[in-house]
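First the structure, in the form of structure tokens, and then the observations on it.
The values are calculated or read from the model by the stated rules, or taken from the named source; none is laboratory data. The model shown is predicted, which means the values in this text are computed figures rather than measured ones. Here the Cβ is made from the backbone with ideal geometry for all residues, glycine too, and neighbour counts use every protein chain on show.
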Amino acid sequence: MARVLVPFADGLEEMEAVIIVDTLRRAGWDVVTASVSGKNVLASRGVRLVADALWGDIELETFDIIALPGGAGGTDVLAQHQGVLNAVRSFVGEGKLVGAICAGPLVLQAAGVTGQRSLTCHPGARDEMTTGILSNERVVVDEPIVTSQGPGTSFEFALKLIDLVDGNQAAERVAAGLVLP
């Protein structure tokens with residue numbers, strides 16, 4: 001069973017956060033949300049979410065994957081948080097999966113791990129991406145990094161993570177339960 005860390009910050013995109021967490025939990029994974037903004041997080045559309053933990057209370061070495069939701073405000077906060085940036089660098093360096101959706105790839109860029117990797121992001125964040133090779137694909141895998149475009153691609157993003165770790169049959173089983181194609 002994979003153990004996934006989903007960083008939360010005020011201003012995150014709530015659909016992405018909830019869809020990622022829910023879909024990965026349906027795969028039987030242990031998913032922990034850890035906030036850098038306090039336990040109660042105010043998302044981009046005014047939805048309030050409660051994180052499982054505070055960033056300072058987690059043990060990074062116990063996680064296999066980091067999955068970053070987007071949302072311009074949350075991304076700005078995460079891209080300036082040294083703990084998050086160091087975790088991203090460490091995971092990529094160890095070959096552990098790091099996912100980022102929407103504006104989330106800006107956090108990867110801030111961590112200095114995008115280089116010449118193939119990536120995608122929300123169209124509104126493209127102009128801010130100054131590293132990486134940008135694609136218009138909905139989900140792009142350049143292991144150990146997986147990127148996706150936004151709220152509408154959240155299920156595909158989460159299912160791709162499941163596929164990479166547990167295989168296509170596991171991803172298809174979760175998709176069928178969600179009545180996804």
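Worth a mention:
- Of all residues in the stretch 1-59, those being among the hydroxyl-bearing types (Ser, Thr, Tyr) and farther than 20 Å from Ala72 by Cβ number 1.
- Single unsatisfied condition, Lys39 versus (1) touching a strand residue (DSSP E or B) at 6+ places or on another chain (Cβ under 7 Å); (2) in contact (Cβ under 8 Å) with a residue 24 or more places away in the chain; (3) of a type in the set (Lys, Arg): (2)
Each row is one residue, and each column tells you yes or no for (1) of a type in the set (A, V, I, L, M); (2) in contact with a helix residue (DSSP H, G or I) (Cβ under 6 Å, 6 or more places away or on another chain); (3) closer than 21 Å to Ser118 by Cα.
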position: Pro7; (1), (2), (3): no, yes, no
position: Leu12; (1), (2), (3): yes, yes, no
position: Val32; (1), (2), (3): yes, no, no
position: Val41; (1), (2), (3): yes, no, no
position: Arg48; (1), (2), (3): no, no, no
position: Ile66; (1), (2), (3): yes, yes, yes
position: Ala79; (1), (2), (3): yes, yes, yes
position: Ala87; (1), (2), (3): yes, yes, yes
position: Glu94; (1), (2), (3): no, no, yes
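- Of all the numbered requirements in (1) surrounded by 15 or more Cβ atoms within 10 Å (Cβ to Cβ); (2) touching a residue at least 40 places away in the same chain (Cβ under 8 Å), Ala34 misses one, and that requirement is (2).
- Residue within the stretch 100-115 that is more than 15 Å from Pro7 (Cα to Cα), at pLDDT 95 or above and of a type in the set (S, T, N, Q) present: yes
- All positions within the stretch 145-181 that are in a loop (DSSP other than H, G, I, E, B), surrounded by fewer than 19 Cβ atoms within 10 Å (Cβ to Cβ) and at pLDDT 95 or above: Gly167, Leu178, Val179, Leu180
- Filter result for the condition that a residue is among the small types (Gly, Ala, Ser) and out of contact with any Leu (no Cβ under 8 Å at 6 or more places or on another chain), over Gly93, Gly99, Gly74, Gly38: Gly93
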